[in-house]
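These notes are about the structure you will find just below.
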Amino acid sequence: MTVRMWAEGRVGRVEMDNPPVNAIGAATRAGLLKAVAWAEEKRLERVILTGAGRAFAAGADAREFDADPVEPHLPDVLNRIEASPVPWIAVIGGVALGGGCEIALACRARVAGPKAQLGLPEVTLGVIPGAGGTQRLPRLIGLAPALDMIVTGKPVGATRALDLGLVHAVDEDPLGWAEMLNAEALDTLVPVGDLNPPAADAAVLAAARATAEAKMRGQVAPLRAVAAVEAGLALPLAEGMAGERAAFLELRQGAQAKALRHMFFAERAARGRAWRGGTPALLDTVAVVGGGTMGAGIAYGLLNAGLKVVLLETDAAGVDRAEANVGRIIEQSQKRGLIDEGGAAARRAALTVTDDYARAGEATLAIEAAFESLEVKRTVFAALEAALPPEAVLATNTSYLDIDEIAAGVGDPSRVLGLHFFAPAHIMKLLEIVRGKATSDDALATGFALGKRLGKVPVVAGVCDGFIGNRILARYREAADTVFMDGSTPWEVDEAMVEFGYAMGPYEAQDLSGLDIAHANRRRQDATRDPNRRYIPIADRMVELGKLGKKTGAGWYRYPGGNGKVEDPIVADLALEEAHFAGITRTDYGPDEIRHRLVLAMINEACDILHEGIAESAADIDLVTVFGYGFPRWRGGLMHHADTLGPQAVLAGLQALAQEDPVAWRPSPFVEGAVAAGLSFADFAAREG
Ligand code: T1G
């Protein structure tokens, strides 16, 4: 029963109960409509509406968005509630989001518990509020605050909601408040829909559009939301709602809404994932080796999850450095109000920083984040093996090194896996769990249990150079360097990819991480590189010139005074010089051709990763590219985007480019397989998986 109703005297109680978060599906809508008639038939004095469990209502059930809308439609149900002679009071203890917030807006009164959150996050799913939110919210709280909530999708807490007039009260016992509200006061309240819309304010509307352009660049829903709000300012409620509904239904079927829904559900499917078959170690004390940027971030993430941490360094100086690094993160978190004094003290109490491995004797898991050298890691793993219990799981945070080679130095290699965090490790959600040849199910189960404990998005990867994300990144950069060598400038490449939806292009991004990291990886690959594969030497020249990026004041861009980036003609000339010596006639690629080549290169590499079984699903590639590498979320991740192009178009594009360079653009067998099978990439991966 998704909507329960009962009377307590002349007070009606209606409770939405659709675990886990009272998503509003067809059954809930029908139940609410039934409850309105029931309350009227019983001539009740009021209806108090609650949500069972931790949510009031999380919004419309997004799983229904791919199907045709089923009556009763939510806007009609809400109009019925609002127009009823029996006034409804929304008691909001948890989240009232999207349609949940719209239900509250249709009630005569709203009361929040201290932990309540109210919001209209529809734009994060690529749609706009579709049940009166763009019409009622401005009438209730004014144009500017309503636009701010609708365009950004950010919820407000109870206190802010009270300040805005979104709720009538905040009370420790919101149900009691609703029961005690006297009938006269209730009768004086005007239905939100009867309030006059605020006056149109051109400056406020322009500011909302500017916010949408800046914060939600490339996304259509935020601007359509502003348009729906603006239209409603000059229309009766019913007409404004009709326009809103039309826009919602149109957007719901659009590419961006489908992509954002895909990411929403893919993330949640991954977050809850456990590893099949294994038994995870009990997580209580975790050892972390190396207190540098990554190690300190990992240690802090573990402390945040309530784990005890033994942070191991090589000597007293290292211990001091590590303590300072973790202490800095604790202070920053406190300054940002993420933790209070007690939280900071608890984290400090749970942390031991030492150069004595024996003090990690209780640890059931160790995460090594030491220098990226095989020798160093083997030494560390030998010391961990000696100091920790024999069943302790030993993980490395290496970005590139071969897990199997590290495991080979351990007596029992089944204990070894990769846990590849992304800087800053306590913030970035992606966790690549790298499965070595010998890695046991128990070790993998421990990795997934840790990921769940840390609130990460875990993706399992096989062993290869760069696992999933860095391997795709390397191909992305190689394609960029090729376009640069053959005709464009780094800034043209960056502009093209920012236009695609990245926050920044590959060159600006590399200036931040440092050109020396990729340079070291290229040197490591020298011995095994395919001699027939074209090699672009420009990045090497940059490193030889000491242009390592922002940290040296100059990389692909110059950073005069350490500030904003400036194009550097010397860099552009480097390409001209190298192209001249290589006898290349340069081509001036336009932004579309740049995007076409760089995206196709990444898709082809991802298809090889799927073909080789390094990744388990197309959705995992989407999670890695969005959560680890800035691929635009509103395109659904790399492989979801690839499926919007279609395997045939991808194959045709690769075949055309292979005329130019058959090695770099060789179509992946996975692409050919998907075309031959007549399946999408995602379905072909699922069939082959
Ligand atoms: N539809 C369907 N399923 C949903 C859902 C939704 N709106 N919200 C959550 N779930 C599922 C989720 O997939 C997961 O499933 C489980 O509930 C727990 O969620 C008409 C059109 C509410 C803050 O955008 O932000 O209303 O993995 O893991 O971390 O104008 O869920 O267990 O099978 O996220 O505690 C607008 C989306 C919809 C809010 C709780 N609403 N949800 O977070 O749990 S559009 C939203 C959230 C709309 C109207 C428009 C969060 C949460 P499973 P969870 P959580």
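Figures for the structure shown
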read-out	value
Among residues of the stretch 646-665, those that are open to solvent by 30 Å² or more (accessible area, probe 1.4 Å) and touching a residue at least 24 places away in the same chain (Cβ under 8 Å), counted	2
Qualifying residue in the stretch 456-466 (condition: closer than 30 Å to residue 593 by Cα, open to solvent by less than 10 Å² (accessible area, probe 1.4 Å) and not acidic (Asp, Glu))	yes
Helices (runs of 4 or more DSSP H) wholly inside the stretch 272-382 that include at least 1 residues being open to solvent by less than 30 Å² (accessible area, probe 1.4 Å) and touching a residue at least 40 places away in the same chain (Cβ under 8 Å)	293-304, 316-335
Those residues of the stretch 558-598 which are in contact with a Phe, Trp or Tyr (Cβ under 7 Å, 6 or more places away or on another chain), outside any loop (DSSP other than H, G, I, E, B) and modelled with pLDDT of 90 or more, in sequence order	566, 567, 571, 595, 598
Matching residues, the stretch 121-135, being within 8 Å of the ligand (Cβ to nearest atom) and either open to solvent by 10 Å² or more (accessible area, probe 1.4 Å) or closer than 11 Å to residue 225 by Cβ (or both)	121, 122, 124, 125, 127, 128, 129, 130, 133
Whichever residue in the stretch 64-88 is under 35 Å from the mean Cα position of the chain (by Cα) and of a type in the set (Val, Ile, Thr) and, among such residues, is modelled with the highest pLDDT	77
Some residue of the stretch 107-120 being closer than 29 Å to residue 635 by Cα, within 13 Å of the ligand (Cβ to nearest atom) and touching a residue at least 40 places away in the same chain (Cβ under 8 Å)	yes
So residue 175, is it surrounded by 15 or more Cβ atoms within 10 Å (Cβ to Cβ) and more than 16 Å from the ligand (Cβ to nearest atom)	yes
Identity of the residue in the stretch 388-418, in contact (Cβ under 8 Å) with a residue 60 or more places away in the chain and closer than 21 Å to residue 311 by Cα, that ends up most open to solvent (accessible area, probe 1.4 Å)	391
Selection from the stretch 262-276 of residues that are more than 9 Å from the ligand (Cβ to nearest atom) and over 17 Å from residue 501 (Cβ atoms)	266, 270, 273, 274, 275, 276
Close pairs (8 angstrom Cβ cut-off, 6 or more residues apart or separate chains): at pLDDT below 95 in the stretch 153-172, assigned to a helix (DSSP H, G or I) anywhere	none
Members of the stretch 243-263 that are in contact (Cβ under 8 Å) with a residue 24 or more places away in the chain and of a type in the set (A, V, I, L, M, F, W, C)	247, 248, 249, 251, 255, 257, 259, 260, 263
Yes/no for residue 138 being in contact with a helix residue (DSSP H, G or I) (Cβ under 8 Å, 6 or more places away or on another chain), of a type outside the set (A, V, I, L, M), more than 9 Å from the ligand (Cβ to nearest atom) and open to solvent by 20 Å² or more (accessible area, probe 1.4 Å)	no
Strands (runs of 3 or more DSSP E) contained entirely in the stretch 1-92, each with at least 1 residues that are within 16 Å of the ligand (Cβ to nearest atom)	11-16, 46-51, 55-57, 88-92
Matching residues in the stretch 93-116 - criterion: being in a helix (DSSP H, G or I) and more than 23 Å from residue 180 (Cα to Cα)	99, 100, 102
Checklist (1) open to solvent by 60 Å² or more (accessible area, probe 1.4 Å); (2) touching a Ser or Thr at 6+ places or on another chain (Cβ under 8 Å) applied to residue 40, failing item	(1)
Qualifying position, being within 16 Å of the chain's Cα centre (by Cα) and away from the ligand (no atom under 14 Å from the Cβ), among 242, 259	259
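The values are calculated or read from the model by the stated rules, or taken from the named source; none is laboratory data. In this text the structure is predicted, and so the values were computed from the model without any measurement. Neighbour counts are summed over all protein chains in view; Cβ atoms, including those assigned to glycine, are modelled from backbone coordinates with ideal geometry. The area values use the complete protein model at the heavy-atom level, side chains included, leaving out ligands, DNA and RNA. Shrake-Rupley method; radii C 1.70, N 1.55, O 1.52, S 1.80 Å.
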